[in-house]
Amino acid sequence: MHENEISERIIGAAIEVHKFFGPGLVEQIYEESLCHEFSLRGIRFERQKQVPIHYKGVRLGVPLRLDLIVEEKVIVDLKAKEDVTEFDNARLLSYLRLSNLRLGLIINFHSALLKEGISRVVNDCNCLQLHLIHSAFDMIVKTSSTEVRITQKNAEFPSKFYFAPLRVLCASASSQFQPVN
């Protein structure tokens, strides 16, 4: 199953949990309920998965602990707080890199409407379906709530990229792009 199909199933299950409880509870209640909903829907997951971290060939003593890994492809980072910050997005991107996974979702159950509390984080800008050389591009510019343009040295790249209202953060090994909210 592709990451996008998995994320649709994750979001559907999260919406079901949010409809039942609404905002305002602690993260652990949402996590346990979401895991139960995954089980009911036949979605495979690992809860509080420990991922070993290596630095220059040495395995560090403290592993990375992920809230959920779904279908061995998508990291789900659950929140129950007022605001999800850019630091939360950057941290999930680090988790994706260290886990060698491509897609992560931050789901903040504290939002009145759950769809407003979901951030989609992608490791490797293949989400734009481009194979770009870092030096050719200056930045990503947000031109409206759903339109993103990539600028190229003194000229706008001819294509426009449209994303769903979910926030997207893309990065590749050779370059750093700015988060697009």
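Overview of values
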item	result
Within region 37-129, strands (runs of 3 or more DSSP E) holding 2 or more residues that are surrounded by 19 or more Cβ atoms within 10 Å (Cβ to Cβ) and in the same structural domain as Val17 (by TED's automatic domain parsing)	64-70, 74-79, 103-108, 118-123
Members of region 30-89 found to be within 17 Å of His18 (Cα to Cα) and among the hydroxyl-bearing types (Ser, Thr, Tyr), listed by number	Tyr30, Ser33, Ser39
Condition met for Ser159 (among the small types (Gly, Ala, Ser) and either at pLDDT 95 or above or within 30 Å of Phe21 (Cβ to Cβ) (or both))	no
Scan of region 76-105 for residues that are of a type in the set (S, T, N, Q) and without any contact (Cβ under 8 Å) to a residue 60 or more places away in the chain, ordered by number	Thr85, Ser94, Ser99, Asn100
Selection from region 17-26 of residues that are surrounded by fewer than 16 Cβ atoms within 10 Å (Cβ to Cβ) and in a helix (DSSP H, G or I)	Lys19, Phe20, Phe21
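The values are calculated or read from the model by the stated rules, or taken from the named source; none is laboratory data. The shown structure was predicted, so the numbers you read here are calculated from the model rather than taken from an experiment. Here the Cβ is made from the backbone with ideal geometry for all residues, glycine too, and neighbour counts use every protein chain on show.
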